[in-house]
Amino acid sequence: YIIGVEPMPYSGIPDMKKGWEVVKAADCDNAKLILDTWHWVRANQPIDLDVIKEVPADKIVSVQINDVWDRPYAKSILRDEAMHDRLAPDNGIGCNTAFVKMIKEKGIQPKGVGVEVISDASLATGVKEAAKHNFDNTKKVLEEAWPELLD
C-alpha cells in the first residue's frame, strides 16, 4: 500500500515543506506526497522547483490539476473554495501548464495525473458537460506540458 499525504493550506499540513517533513519523519518506503495545483497555489507557493528541491522524485505518488480564481476566498473559509469553487485546468490564473512542466522537469513519474475540479458551477451545467469541459481543458494542458502522458 502507498500512503499519500496531500498538503492542504487550511490543514495541519499546509504546504509542501510541512508535507515533506511528515513523509520524511514517517521513514517508510510507502509514505509519499500527493501534489495538487489548487492546494499548491493557495499555500502561496511559487511554481518553482525550489519548493520541492529536497523531495526525491520517487516520493511523489500522484498529481492533481485544477485551477484557481485570481483572488482566493478569505482564509477563514478557504476550505469552502476547495470544496465548491475550483476551476478546470488553465481556466483561472493558468497555473497548470507550468506546474506540469515543473513536475516533468523534476523527473517525477506519478502513478496518476488526474483532474480534480470540485465546482458547483461546473456541475450545474450537467455531468456530461462538466466532464467534457474538464477533460478538454486537462487534455490541452497535458498536450502542451507533457504529451507523452497521453500515449
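When P14 is tested against the conditions (1) over 15 Å from P110 (Cβ atoms); (2) open to solvent by less than 60 Å² (accessible area, probe 1.4 Å); (3) in contact (Cβ under 8 Å) with a residue 60 or more places away in the chain; (4) not in a helix (DSSP H, G or I), the lone failure is (3).
Would you point out which residue out of P72, P89 is modelled with pLDDT under 95 and outside any helix (DSSP H, G or I)? Walk me through how you get there before you give the answer.
Details: P89 fails: modelled with pLDDT under 95.
One residue alone meets the criteria, P72.
When L123 is tested against (1) under 16 Å from the mean Cα position of the chain (by Cα); (2) open to solvent by 80 Å² or more (accessible area, probe 1.4 Å), just one condition goes unmet, and that condition is (1). Residue count for the range 108-120 satisfying the condition of being under 13 Å from L87 (Cα atoms) and open to solvent by less than 60 Å² (accessible area, probe 1.4 Å): 4. Only a single item in (1) among the β-branched types (V, I, T); (2) within 17 Å of N96 (Cβ to Cβ); (3) touching a residue at least 60 places away in the same chain (Cβ under 8 Å) is not met by I2, and it is number (2). Residues that are of a type in the set (F, W, Y), touching a residue at least 24 places away in the same chain (Cβ under 8 Å) and open to solvent by 70 Å² or more (accessible area, probe 1.4 Å) within the range 40-90 comprise just one, W69. Of all residues in the range 19-31, those that are buried (at least 22 other Cβ atoms within 10 Å of the Cβ) and among the basic types (K, R) total 0. When D48, D90, D80 are screened for being within 15 Å of the chain's Cα centre (by Cα) and over 20 Å from G114 (Cα atoms), only D48 passes. Quick one: which of E129, E105, E143, E148 is open to solvent by 80 Å² or more (accessible area, probe 1.4 Å), assigned to a helix (DSSP H, G or I), out of contact with any Asp or Glu (no Cβ under 9 Å at 6 or more places or on another chain) and touching a residue at least 24 places away in the same chain (Cβ under 8 Å)? Unique residue meeting the criteria: E105.
The values are calculated or read from the model by the stated rules, or taken from the named source; none is laboratory data. These numbers were taken from a predicted model, which means no experiment stands behind them. Note that we place each Cβ from the backbone using ideal geometry, even for glycine, and neighbour counts take in every protein chain shown. In case anyone asks, the SASA skips ligands and DNA or RNA and just uses the protein heavy atoms, side chains included. Shrake-Rupley method; radii C 1.70, N 1.55, O 1.52, S 1.80 Å.
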